[in-house]
Amino acid sequence: MVRYALVVLVLIGVASYYFARLPVPTPTPPSTGVTLEEVDLTLFPSADPEARWTFHAARVEHNPARRESTVYGLEAGARYVGEELDLTLHAPEVVIDRNDNLRLPYATVVIPRYEWEIQLGSPEIRTPVYIRQNEGFVAPTMRLKGPGIRMIGRNFRSDFALEEMTVENGCDQAKLEGDFEESEVECDAF
């Protein structure tokens, strides 16, 4: 009887060892998350507590595996500092990452206080545009136009106030009176 008990105990030990050595499958997080349609979204970035972003879009998809939300069919986008409109944003889609930074294929930003329109990136260039809450804009190319000024360039970086701008291979033109005709802007930056 003791012999049978010992054999059963050894078999239980071998089976336990075998099953303990098997790899435990890691559950994969769901690849799709929540999809919302006709959305009004407000973003309060922790890196820029004075600002808030508002978006009105046809659809927003949240991907929990990547901890990102993608805004499709952006109908209106804006950044407010306090209650004052700081800028408006137009883009085909906006990816909001886990740190509230924005990634866009290309975008047009309008700065109302200067009456400036800035085109960041372009559909032809595959390098994305970034709007980082603690830094500002980062874009592969830029075209700025406003009353009496035209500027184009590459590797654009700027804070939101446009006080610390850097542009490589750029050129700018200023005109004291009137506005530019498109044919007047001459530059070999691109």
task: Calculate how steeply helix 2-21 sits against the longest principal axis of the alpha-carbon atoms of the chain, using the helix alpha-carbon long axis, and give the answer as 0 to 90 degrees to the nearest 10.
output: 10 degrees
task: Please work out how much length the chain gains when fully extended from residue 61 to residue 9, using 0.36 nm per residue of separation minus the C-alpha to C-alpha distance, in nm with one decimal.
output: 13.3 nm
- line: Label model pair residue 161, residue 42: point-to-point distance (7 angstrom along the Cα→beta-carbon line) in nm is 2.6 nm
query: Which percent of the accessible heavy-atom area of the chain goes to carbon and sulfur, probe 1.4 angstrom?
result: 53 percent
task: Would you mind calculating the relative contact order of the chain from Cα pairs under 8 angstrom and at least 6 residues apart, reporting the percent as a whole number?
output: 11 percent
statement: So for R0 = 35 Å, FRET eff. of residue 115-residue 34 from the Cβ-Cβ r, to 0.05, ends up at 0.35
message: If you scale each eigenvalue of the Cα gyration tensor by 5 and take the root, what three semi-axes come out for the chain, rounded to whole angstrom and sorted largest first?
response: 55, 19, 14
query: If Lys and Arg each add +1 and Asp and Glu each add -1, what is the summed charge of the other residues whose beta carbon sits under 13 Å from the beta carbon of residue 46?
result: -1
field: Helix-only [θ]222 nm of the chain, DSSP H runs n ≥ 4, -39500 (n - 2.57) each, per residue, nearest 500
entry: -3500 deg cm²/dmol
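The values are calculated or read from the model by the stated rules, or taken from the named source; none is laboratory data. All values reported here derive from a predicted model rather than from experimental measurement. Reconstructed Cβ throughout: ideal geometry from the backbone, glycine too, with neighbour counts over all protein chains shown. The accessibility values were calculated without ligands, DNA or RNA, using every heavy atom of the protein model including side chains. Shrake-Rupley method; radii C 1.70, N 1.55, O 1.52, S 1.80 Å.
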